[in-house]
Structure formats: structure tokens, C-alpha cells
Amino acid sequence: MKILTIYKRELKSYFLSPLAYVLVGFLLLISGYFFATFVLTTQYALMSPVFSNMVFVFMFISPILTMRLISEEMKNGTDQLLMTSPLKITDMVLGKYFASLTVYALSLVISLIYPLYLKIYSTPDFGPILTGYIGTFLMGAAFIAIGIFASSLTENQLIAGVIGFSILLLFWIISWLGDVFQGTAKTIVENLSLLQRFNNFQNGVLSLNDIVFYLSVIIFFVFVTIMVVDKRRWS
């Protein structure tokens, strides 16, 4: 499968450079710090503060993780080789997306040491922990989809990172506008908030509507990325 070829190439490029190690290490370092300080100071066997801080930190990390995915191909001119090959644009974009998602998922797998620690020394409620991990994964997957879209807009990696972060920040703070509006407008604004949806997962609520929302965001931005790259092929 061509998508698997792209996936392996991108995943290899991550781990042949310090990028993946630095980003994963930084994310685990910060989340570990919040986990240790919260558990030690409160003596509560909860993971919700860790999840909220993890996704907040990843909002800054994800643009760095994704900014080179397509912009680097454009800058080096290798995107033209890919576009004129039998490789489908969809395969290229999905291969790159899943490679980035794998790096993020790896950090979540390593972070399982936190609930393991809670299990050894206390009796945590694993319901909210499970939904928290599901929400954290979906939130991160949405961040990566937005990041790869930003990377498709320009060949400058720094600009791609800034665009990606700006879009993420907009989705993050849009829930604050809910306090400004009333009625239908308030509902629409709150429903568009990535943060508002994530709170349900943190509280142990697994809602199909929230899952569909995150999947819709992921599919939308991946689809738009494919359209942007495909348009460049014919321009």
C-alpha cells in the first residue's frame, strides 16, 4: 500500500532526527510534573488535571510536530515529484497524518505509567481515566489535522507553525465567547469549542456527539488539506 510507504518514511524521518524525542520528552516531562505535584499536594487519585495540562501543552507542540510535513516538500520541490507520480494525494496526506498521530499516541502510551502508579498506591476510578485518555487522543488527533492543513498552505515552516497555532488558539478560546452571546448564538459557539467538548471526557462522560464532533474536525481538515494539495497539482 502506497499510504504505508509514506507512513513509514515519515515515521522514520521523525525518529532519525531529535524532533520526535524532544517533543515527546517535553510533553511527558510537563505532564509528569503536573501529575506529581497534583497527587503529592492533594492526595487525590485523579488524572483530570494531567489530561487538561497535556492537551494544553500539545496545543503548542503540535504545530511544531506538523509544520514541516507538507511545507518541506514544497520548499525542496519534492512535492512535484510526488504529485507527478502514481501516488494519490490522499495516500500522501494520510500517510503523513498517521505518522504524526503515531508520535503523539506514543507519548500517551508512555504516560500510562501515571494511572499504573495510582493503581499501585491507591484505588482510582478508572472510568474518568479511560474517557480522559480517549478525549486526549481525539483532541490531539484534531490538533494534528489542523496542523497538517496549515502546513499545506505555505512552504515556510515557521509561517505554517504560526498559522496552525493561530487556528488552534481560535478553537480553544471560542468557548469564552459563550459568555458574550445568548440563546442560539451561545449554543453554536459552545458547540464549536474543542475545549468545551473535552471537559465531558475529563468528567467521565463518553458522549457519541463529542466523539463525532472530533472525528468531524479531523475529517474536515484532512479533506481540505487534500483539496489544497490537489489544487496545487493542477495549478
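What helices (runs of 4 or more DSSP H) completely inside region 83-158 contain at least 3 residues that are of a type in the set (A, V, I, L, M) and touching a residue at least 40 places away in the same chain (Cβ under 8 Å)?
89-110, 126-151
Taking region 37-67 only, how many residues are closer than 21 Å to L195 by Cα, in contact with a Pro (Cβ under 7 Å, 6 or more places away or on another chain) and not in a helix (DSSP H, G or I)?
Looking only at that region, the number is 1.
Let's see how each residue does on (1) within 19 Å of N203 (Cβ to Cβ); (2) modelled with pLDDT under 95; (3) open to solvent by less than 10 Å² (accessible area, probe 1.4 Å):
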position: Q80; (1), (2), (3): no, yes, no
position: T84; (1), (2), (3): no, yes, no
position: F98; (1), (2), (3): no, no, no
position: Y114; (1), (2), (3): yes, yes, no
position: L118; (1), (2), (3): yes, yes, yes
position: S122; (1), (2), (3): no, yes, no
position: G127; (1), (2), (3): yes, yes, no
position: A145; (1), (2), (3): no, no, yes
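Got at least one residue in region 48-63 being within 21 Å of F201 (Cβ to Cβ), out of contact with any Phe, Trp or Tyr (no Cβ under 7 Å at 6 or more places or on another chain), open to solvent by 10 Å² or more (accessible area, probe 1.4 Å) and modelled with pLDDT under 90?
Among the residues of region 48-63, at least one is within 21 Å of F201 (Cβ to Cβ), out of contact with any Phe, Trp or Tyr (no Cβ under 7 Å at 6 or more places or on another chain), open to solvent by 10 Å² or more (accessible area, probe 1.4 Å) and modelled with pLDDT under 90, which makes the answer yes.
Here is a list: V229, V222. Which entry is modelled with pLDDT under 90, assigned to a helix (DSSP H, G or I) and open to solvent by less than 30 Å² (accessible area, probe 1.4 Å)?
Result: V229 is the single residue among V229, V222 that is modelled with pLDDT under 90, assigned to a helix (DSSP H, G or I) and open to solvent by less than 30 Å² (accessible area, probe 1.4 Å).
If you take the residues in region 19-42 that are of a type outside the set (A, V, I, L, M) and over 22 Å from L130 (Cβ atoms), which one is surrounded by the most Cβ atoms within 10 Å (Cβ to Cβ)?
This residue is F26.
The values are calculated or read from the model by the stated rules, or taken from the named source; none is laboratory data. Note that the structure is predicted; figures quoted are calculated from it, not measured. Because the Cβ atoms are built from the backbone with ideal geometry, glycine has one as well, and the counts that use them run over all protein chains shown. The area values use the complete protein model at the heavy-atom level, side chains included, leaving out ligands, DNA and RNA. Shrake-Rupley method; radii C 1.70, N 1.55, O 1.52, S 1.80 Å.
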